[in-house]
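The values are calculated or read from the model by the stated rules, or taken from the named source; none is laboratory data. Keep in mind the model is a prediction, meaning the values are calculated, not measured. For neighbour counting, all protein chains shown are included, and Cβ atoms are generated from backbone atoms with ideal geometry for every residue, glycine included. The area values use the complete protein model at the heavy-atom level, side chains included, leaving out ligands, DNA and RNA. Shrake-Rupley method; radii C 1.70, N 1.55, O 1.52, S 1.80 Å.
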Amino acid sequence: MYDIAIIGLGPAGATLARLLDKRYTVIAIDKKKSKAGKCCGGLLSPDAQRALARFNICLQKDVLVDPQIFSVRVMDLDNHIEAFYQRFYINMNRAKFDDFLISLIPDRVETCYNTVCTRIDKEDYTSYSMELKTNGVTRTETAKIIIGADGANSIVRNTFYGNHKIHRYISIQEWYEDRTNSPSYSCIFDKEITDSYCWAISKDQYFVLGGAFPVKDSGRSFEALREKIKKSGISFGKAVKREGCFVCVNKRLTGTCTGKNGAYLAGEAAGMISPSSLEGISYAMESARKLAEAINENLQDVGRRYFMGTLGIRIKIIFKIMKMLFISNRILRKIIMKSGVKTIRAF
Ligand SMILES: Cc1cc2nc3c(=O)[nH]c(=O)nc-3n(C[C@H](O)[C@H](O)[C@H](O)COP(=O)(O)OP(=O)(O)OC[C@H]3O[C@@H](n4cnc5c(N)ncnc54)[C@H](O)[C@@H]3O)c2cc1C
């Protein structure tokens, strides 16, 4: 019996596995098979940079990609206007970033890759059992505490906290050979395509186009986006790969759930992601830090300490929900963009 089992080794799970005290026996599993990495824009926000700074972690340059971008071009296709805003992101390779965080996990944590958790049961008041599958072989492990750091379609959340509903969208990204002669980062708003938003970003020799779409007709919405972007005059080469995954879009605060009674959630599984920008790496690392603090004190009353510790994150999400309501409104967005507040002139 392990003290703690972590399902998922994205930024939340890897950070938690690194920070848990050495007095605990910990198993951490992830279903990842390849080095392809998660479908992600791969932009490290100032909040995520601050989280790394708090951990005194530096990034090696091979995690970064070309080019580093200093502005975002907002294309409002509903109102036919565009504006540029200064931004302070780091453009990076998401797969290498996740691998880097995993490389920091101490050896005392038992890590299992290519292993999917297919079922979880509460055994009694003090333990959970997990069914794990590796290369078709099934085994069962038990732990006193189970942590869902398993992203937008979390098995821990779906098993124990299905009543905390959260909107899930489908994200689709397609990578093309880059033909644009000026690399850029664009945010695209178009109500006919999605009530969330879409993006285009240059990464090394690729042009990446993506968006978050309501599940129904997500494929068709992506095709519509591609056609509109082509018509806008942006030219890109042959498609190289397409990727997709669920993404949580937290439209109500009830979508955030930290867990209780030995089954806790961290990162996107807990609904901790910005609904306006879909930025989630900082939330994943911060929630993992708070959960580690709560567990490292002792194993009693973890749920209350973790809930209280994440109050700041939940307040931040409330502001992001309000921001989302604002920017997804066509008229309000037009007023903001036309006002010129915080815009920069592009020459
Ligand atoms: C298209 C897209 C673009 C995004 N762009 C950005 C961006 O530019 N910047 C940013 O900050 N955020 C971005 N986000 C959000 C960000 O990717 C997530 O919020 C962040 O990855 C959450 O981290 P996590 O550790 O909670 O979950 P994840 O990174 O999703 O990790 C979950 C892990 O759990 C594993 N797993 C899942 N289920 C199981 C199971 N049953 N058994 C075993 N393992 C399992 C998965 O393999 C995965 O490794 C984007 C999201 C999407 C979808």
Between Thr254 and Met308, what is the FRET efficiency for a Förster distance of 22 Å, r being their Cβ-Cβ separation, to the nearest 0.05? 0.80
How do 92-104, 70-82 rank on mean C-beta neighbours within 10 Å, highest first? 92-104, 70-82
Percent of Cα-Cα pairs per 20 Å bin, from 0 to the last occupied bin, for region 2-344, please list those. 30, 57, 13, 0
Can you work out the FRET efficiency for the pair Arg330 and Lys230, with r the C-beta to C-beta distance and R0 = 22 Å, to the nearest 0.05? 0.45
Whole-number D in µm² s⁻¹ for region 73-171, Kirkwood Cα-pair radius fed into Stokes-Einstein, 20 °C, 1.002 mPa s: 121 µm²/s
Heavy-atom accessible area per residue of region 2-344, all protein chains kept, 1.4 Å probe, expressed in Å², is 47 Å²
Go ahead and run the numbers for FRET between Glu177 and Lys144, Cβ-Cβ distance against an R0 of 45 Å, rounding to 0.05. 0.35
Measuring from label point to label point, each 7 Å out along Cα→Cβ, what is the Asn163 to Glu123 span in nm? 2.6 nm
Sequence-distant or interchain residues sharing an amide H contact under 5 Å with Ser184, placed H: which? Ser202
Between Lys191, Lys251, Lys33, where does the largest GNM mean-square fluctuation fall for the chain, given springs only between Cα atoms within less than 10 Å? Lys33
Given charges at Cβ of Lys, Arg, Asp, Glu: region 243-347 dipole, positive-most of Gly303, Ala288, Ala270: Ala270
Could you tell me what percent of the accessible area of region 230-275 is made up of carbon and sulfur, with a 1.4 Å probe and every protein chain present? 53 percent
Hydrodynamic radius by Kirkwood, which averages 1/r over all alpha carbon pairs of region 156-196, in angstrom: 14.4 Å
Among DSSP bridges having both ends in the chain, what percentage is antiparallel? Round to the nearest 5. 75 percent
Testing the spin-label approximation: label points 7 Å from Cα along Cα→Cβ at Ala53 and Tyr113. State their distance in nm. 3.2 nm
Using only alpha carbon pairs under 8 Å that are at least six residues apart, calculate the relative contact order of region 2-344 and give it in whole percent. 21 percent
Apply the a/c threshold of 1.5 to the C-alpha gyration tensor of region 1-54 and tell me whether it is rounded, prolate or oblate. oblate
Note the angle between two axes, namely the Cα long axis of helix 311-327 and the longest principal axis of the Cα atoms of the chain, as a number of degrees from 0 to 90, rounded to the nearest 10. 30 degrees
Checking region 106-188 for trypsin sites (Lys or Arg not before Pro) in a loop per DSSP with at most 15 other beta-carbon atoms within 10 Å yields Arg108, Lys165, Arg179
Taking the chain and counting helices only, DSSP H stretches of n ≥ 4 at -39,500 (n - 2.57) each over all residues, the nearest-500 ellipticity at 222 nm comes to -9000 deg cm²/dmol
Under 10 °C and 1.306 mPa s, how fast does region 1-140 diffuse according to Stokes-Einstein, given a Kirkwood radius computed over C-alpha pairs? Answer in µm²/s, whole number. 90 µm²/s
